[in-house]
Each structure stands twice: as C-alpha cells, then as structure tokens.
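These notes concern the structure reproduced below.
The values are calculated or read from the model by the stated rules, or taken from the named source; none is laboratory data. These numbers were taken from a predicted model, which means no experiment stands behind them. Every residue, glycine as well, gets a Cβ built from its backbone with ideal geometry; the counts of neighbours run over all protein chains shown. Ligands, DNA and RNA are excluded from the accessible area calculation, which covers all protein heavy atoms including side chains. Shrake-Rupley method; radii C 1.70, N 1.55, O 1.52, S 1.80 Å.
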Amino acid sequence: MTAPAGHPSDARVPPQALEVESAVLGAMLMAADAVTAVRGILSPEHFYKPANRKIYEAMITISGRGDPVDMATVRAELEREGALEKIGGPGVIIDLADSVLTAAYAETHARLILEKATLRRIVAFGQQLSEKCANGAGELSDVLQMATTDLTAITVMSRVSKHRETIGECMNDIESEEVDWLWYPWLPLGKITILEGNPGEGKTTLALQLAAIISRGWPFPDAGGRPGIPREPASVIVMNSEDGLADTLRPRLDRAQADCTRIFALMGVRVQDKGRSVDRSIGLQDVLDIEEEIVKHQARLLIVDPLQAYLGASVDMSQANETRPILSAIGNMAGRNKCAVLMIRHLRKTGGRPVERGLGSIDFFGAARSVAMTVQDPDNEGQYLIAHSKCTLAPKAKSQGYTLTDGFAWTSISSRTADDLAAAPLTHKEASAVTEAEQFLQRTLASGPVAAKEVIAIARREGISQRTLEAAKAGLSESKKIGNFWFWQLRDPATKPIPAESSAETGEFGPPIVLE
C-alpha cells in the first residue's frame, strides 16, 4: 500500500521544519507564556515528527490540568502514559531544552509549523483528488463539492487550532452581583489589590496589621477614620520571601495581637522526583497549589510580599506579555474563592503619576482593582499615609494615616491625594515657592470661599504656577461645589480625638485609632 503524501514514510520529503518544532517545544519547557501562545495555535497533528507530537500532547495534558509545563512534569506525564522510552528516553526532553526561544519567537515559529502542516494537507489533498479523478470519481458536481469541502477544511485548519474555541455568554443570562469587601473601599474580595511604597514606610507591617485585623474580626477604619463594622474572623495566607518566620513575622503578628491560629505561611511546594520528595520554592505560576491552601483554610486574604519575588526567574516583570497570564490566573483564582489578594511591590526612585510609580509593567496597575500607596505624611512628622491611587469598584478613599511608633496605630484621615504624594520631592527652590503660594492662599481665602477660576487667575497674575498652586492647595485648602461652580476654601481644623469604647488591650476593637 502506498503511504499518503505528507506521511513520514513517504519517499519524498514533505513540507516540515524539524528544528523549528524542537525549538518551540524547548521554549514551552522554559516559559509559561510560550505554552499559552503555542497552545492557541497548534494541535498535536501539526507536528511532523511523531516524537514531537507525543511530547506536545503531554504538554497540552499538563497545561490543561493547570500544572506548570517543565522537564520534570513532561517526563512524568510521558512515563505515566508509557511513551517515554518509545520517543527515545529522557535524553530527548533534555535535548529540547537546549533549543530555547523566547515566548515571542515561540508564537512566530508555531505559525511556521502550522504553515508546514497545512502544506502537507494540501499535498495529500492533491494526491487524493488526482487519484479520484483518474479512477473515475463519478459526477463532476460531486467531485467539485468534495474538493470544495476539503479545501474549506484545510483553510480552517490553517487559522484555528482544535484546542482553541471561543467562550462567551449572553449578558441577559448574567446575574448582577454586588462586590463584597474586606475593607471598603480598599480591599475587595475576589480581586487583586496592590500595596506599594518605598522601603521603610511600613508596607509589610501594614499588611500584617491587616492580617491581624482579619484574623480577629476587628473593624477597619471607615471613611471618616473611625472604627467601622466588625466582620467574622477569617484566615489569611502569607507568602513572604524576605523575612524570617520566627524572628520577624511572628513577633510582628504578636505585636499586632493577631490570632496566629488563623494565619498560615506558604513556603514552598513538595514534588515527587525519581521516587523521592523534593521541596522547591513556590511562585505565582503554582496557582493550583495556592488555591489548595486557600480552600483548605477558607482564607479571605492572600498576601504576596514582595510581588517580584514570586513571578519566577524566567519572567521579566517589565514585559506585559509575560506578566499578564500570571495576573489573569491569580485574578481568576481569587474570584472563584472570594479571596482578596494583596500584592506588595516597591516604587521607582523617580516621581510621577501613581500609575507610573510602581516597579515593573504598567499591567500590574491595570490588573489590580484597587491600588494603594504608602508614604511618609508630609504634614505630620513620624506618621505615614496609605493613599488610594486607583479603585475601579467604588469611589477612592481619603488617605488614611497611621503611625509605627510604639506599635501600630491608625491616625486621622488626610486631604493629601495619591497624585500629590506620588510626585517627586520638591527642590529647595520649589519648596520656597510652595510656601509663598500657601501664604497667598491664606490671604486670598481668609474671608471665605472664592471661585476656583478667580483664585487661579489671581495666582497667575502674581507669578504663581499652576503646579505650585496645586501643591500649596493640597496641604491647605479644599474644593467645594456651590451651585454649578467650584470654590476653594481653607480646610477646617481636624476634629478632636474620640476615645475608643474599648482599649486595644482587650482585643475587642483592634489597633487604636487616634484622631487628632
């Protein structure tokens, strides 16, 4: 029997690219993005070499389970199927790892593999059509219909992988849901929140304080900075790569009066390799392992501290195409389990808008539903602020003050905004200009509210720039709408402290709230 054209046993060499096939499989072994990109293009039958086809099938199976695709998991899957020795043994997989492409090139080369597979189909189609015509295919109309159908199938194959299908829902079938919050409007359940700031400004301390509050069911500060509504106590998962459990995290949690029976540190993953257990570090790609812990403990908060430590060595956090699949998987996992995810990252050294301040791709800011920034309070020495840079699910909160002196304590709210606080530090000359602008506002607004346009016009005549005026306004005055017009007025003095109904020692209301 004559083998069909395009089959490896054909005497003629059909269209194929074996080196490209090896390179694409090698890239998939090394990068999660390559797996995602290639899986959307290729099916196993697109590979010309049978061994490559079998390896790709194993990768698809592993990826479909949500497990990472690497040399260990591919080898284990092939052994489970009894196919490892048939393809040439473990050395074949090791050789593939030497033919590595980046994720971007993997997609381009996958399309080349698809092109070669399509050409093989065309060769086979031509041969079959020729034989059918030579042997008397019947009515011409039937032959043409068959040819048209086969060509249409080949055209579809050249564009769409069988592992790819559209998923959609009619919006009329979707039931509206209210967003639930751990801390309104800072921490939405089932969503990603980012907490960012410079070293030494209490990001980790603040995150652990949030964990303590959740573990006790204490109230968070409300919009006015006073104790809000208590919740049921809940568990928290902590992923922290920078601090020791015994000498740093536990003492901080003790000082925060956390219920440590509800707080769990996720340190790594234990895998089986050649019949023995091997411990390795955990990353955000291990989303199923993370989800297992969240489900086991019914956790309502996952803390990732710092974000960049859990992206994986092969992921460039400045490249959106590499970070987007990870953030998407974590976001979907959070939504399935109604668990808030708090990711902590550092700020760049340069100033700028809040959307530009965090390290890494702007996709982090885009993926988060809430973004908060910690910074030293420029108006109160020794105090800090958490300022809302972004919130897509509710109006942004006013900046909330806190202090780290003699233990953690919430202080009063501030009119300072994230835009104001994210700006680069003022030079001495700029600071002097702001001081003069503040004196101008004191004089201009001393008798009461003045139309914003009028204040700006007067300032311009006195040589005060818009930027300097805005900087002075942030610490001194506030906007108020009267009728259809905006007015500026001097800010009211802060309210006097309201004593808590119960001391922090009782653990009933959590950390003290000091309103000044």
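Tabulated data
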item	result
Filtered residue count, region 288-326, keeping only those that are hydrophobic (A, V, I, L, M, F, W, C) and over 12 Å from the mean Cα position of the chain (by Cα)	11
Residue list for region 318-349, filter: touching a Leu at 6+ places or on another chain (Cβ under 9 Å), under 28 Å from A106 (Cβ atoms) and either surrounded by fewer than 19 Cβ atoms within 10 Å (Cβ to Cβ) or β-branched (V, I, T) (or both)	S318, T323, I326, I330
Residues being modelled with pLDDT of 90 or more and open to solvent by 90 Å² or more (accessible area, probe 1.4 Å) - total across region 247-270	5
Within region 271-291, tally of residues that are exposed (fewer than 15 other Cβ atoms within 10 Å of the Cβ) and under 19 Å from N240 (Cβ atoms)	3
Subset of region 292-314 [open to solvent by less than 30 Å² (accessible area, probe 1.4 Å), without any contact (Cβ under 8 Å) to a residue 60 or more places away in the chain and of a type in the set (V, I, T)]	I294
Answer residue from region 458-474, given it is among the small types (G, A, S) and at pLDDT 85 or above and is most open to solvent (accessible area, probe 1.4 Å) among those	G463
Filtered residues of region 78-96 (kept if in a helix (DSSP H, G or I) and either within 15 Å of K274 (Cβ to Cβ) or polar (S, T, N, Q) (or both))	L78, E79, R80, P90, I93, I94
Matching option when the condition is farther than 20 Å from A32 by Cβ and at pLDDT 90 or above, among I330, I344	I344
Any hit, region 54-61, residues being part of a loop (DSSP other than H, G, I, E, B) and farther than 26 Å from S281 by Cα	no
Residue within region 55-68 that is over 20 Å from V271 (Cα atoms), modelled with pLDDT of 85 or more and open to solvent by 30 Å² or more (accessible area, probe 1.4 Å) present	yes
Among the residues listed as P378, P395, the single one being in a loop (DSSP other than H, G, I, E, B), open to solvent by 10 Å² or more (accessible area, probe 1.4 Å) and in contact with a Pro (Cβ under 7 Å, 6 or more places away or on another chain)	P395
One residue from D406, D420 being surrounded by fewer than 21 Cβ atoms within 10 Å (Cβ to Cβ), at pLDDT below 85 and within 21 Å of E470 (Cα to Cα)	D420
Cβ-Cβ under 8 Å pairs, at least 6 apart or on other chains, region 52-80 side closer than 14 Å to A34 by Cβ, far side of a type in the set (F, W, Y) and surrounded by 17 or more Cβ atoms within 10 Å (Cβ to Cβ)	Y56/F47
Any chance S215 is part of a strand (DSSP E or B) and either among the small types (G, A, S) or touching a Ser or Thr at 6+ places or on another chain (Cβ under 9 Å) (or both)	no
Residue under evaluation V278, criteria (1) without any contact (Cβ under 8 Å) to a residue 12 or more places away in the chain; (2) touching a Cys at 6+ places or on another chain (Cβ under 9 Å), criterion not met	(2)
